[in-house]
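J.: Before I ask anything, here is the structure I am working with.
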Amino acid sequence: MQSLWKILLFMENLILKVESALDAIRPYLQADGGNVKVVDITDDMVVRLELLGACGNCPMSSMTFKAGLEEAILKAVPEIKKVEALNLTFQ
């Protein structure tokens, strides 16, 4: 039971770190009518994001994802191995 508690605390801490990294980017997304939501963090340390609003179908979303969201998360949360956008339409 104690190890389950440790895992839950670890995952909660990861989510807080990821959200903090995204909070630095959110004002720029929101200024253009978009946002981002953390959908999941897998056991393999992959963050799955959903681009919201204007970000979901913007032709610049691929660049925003790579140079903004992915970079911010990987830099701020070294435990994370990969970042995926579930609804990235332009690659």
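Any read-out appearing in this document is the output of simple, stated calculations on the displayed coordinates, not a laboratory observation. Note that the structure is predicted; figures quoted are calculated from it, not measured. With ideal geometry, Cβ positions are generated from the backbone for all residues, glycine too; neighbour counts draw on all protein chains shown.
J.: Could you list all residues from region 61-91 that are hydrophobic (A, V, I, L, M, F, W, C) and surrounded by 14 or more Cβ atoms within 10 Å (Cβ to Cβ)?
T.: Once the filter is applied, which keeps residues that are hydrophobic (A, V, I, L, M, F, W, C) and surrounded by 14 or more Cβ atoms within 10 Å (Cβ to Cβ), region 61-91 yields Phe65, Leu69, Ala72, Ile73, Leu74, Ala76, Val77, Ile80, Val83, Ala85, Leu88.
J.: Right, another one. Can you tell me which residue within region 31-48, out of those that are without any contact (Cβ under 8 Å) to a residue 12 or more places away in the chain and not hydroxyl-bearing (Ser, Thr, Tyr), is surrounded by the most Cβ atoms within 10 Å (Cβ to Cβ)?
T.: Of all residues in region 31-48, those without any contact (Cβ under 8 Å) to a residue 12 or more places away in the chain come to 31, 40, 42-43.
Of the ones still in play, those that are also not hydroxyl-bearing (Ser, Thr, Tyr) are 31, 40, 43.
Working: Ala31: 9, Asp40: 12, Asp43: 7.
Taking the candidates together, the pick is Asp40.
J.: Which residue is nearest to Lys37 (Cα to Cα), if the candidates are limited to region 49-78 and must be touching a residue at least 40 places away in the same chain (Cβ under 8 Å) and either touching a helix residue (DSSP H, G or I) at 6+ places or on another chain (Cβ under 7 Å) or of a type in the set (A, V, I, L, M) (or both)? Steps first, please.
T.: So in region 49-78, the residues touching a residue at least 40 places away in the same chain (Cβ under 8 Å) come out as 68-69, 72-73, 75-77.
Restricting the remaining residues to those that are either touching a helix residue (DSSP H, G or I) at 6+ places or on another chain (Cβ under 7 Å) or of a type in the set (A, V, I, L, M) (or both) gives 69, 72-73, 76-77.
Values: Leu69: 11, Ala72: 14, Ile73: 13, Ala76: 17, Val77: 16 Å.
Going through the qualifying residues, I end up with Leu69.
J.: So for region 14-29 (the condition being β-branched (Val, Ile, Thr), without any contact (Cβ under 8 Å) to a residue 24 or more places away in the chain and more than 18 Å from Leu88 (Cβ to Cβ)), does at least one residue qualify? Break it down into steps so the answer makes sense when it comes.
T.: From region 14-29, those β-branched (Val, Ile, Thr) are 15, 18, 25; that's our starting set.
With the extra rule that they be without any contact (Cβ under 8 Å) to a residue 24 or more places away in the chain, the set shrinks to none.
Checking region 14-29: not a single residue is β-branched (Val, Ile, Thr), without any contact (Cβ under 8 Å) to a residue 24 or more places away in the chain and more than 18 Å from Leu88 (Cβ to Cβ).
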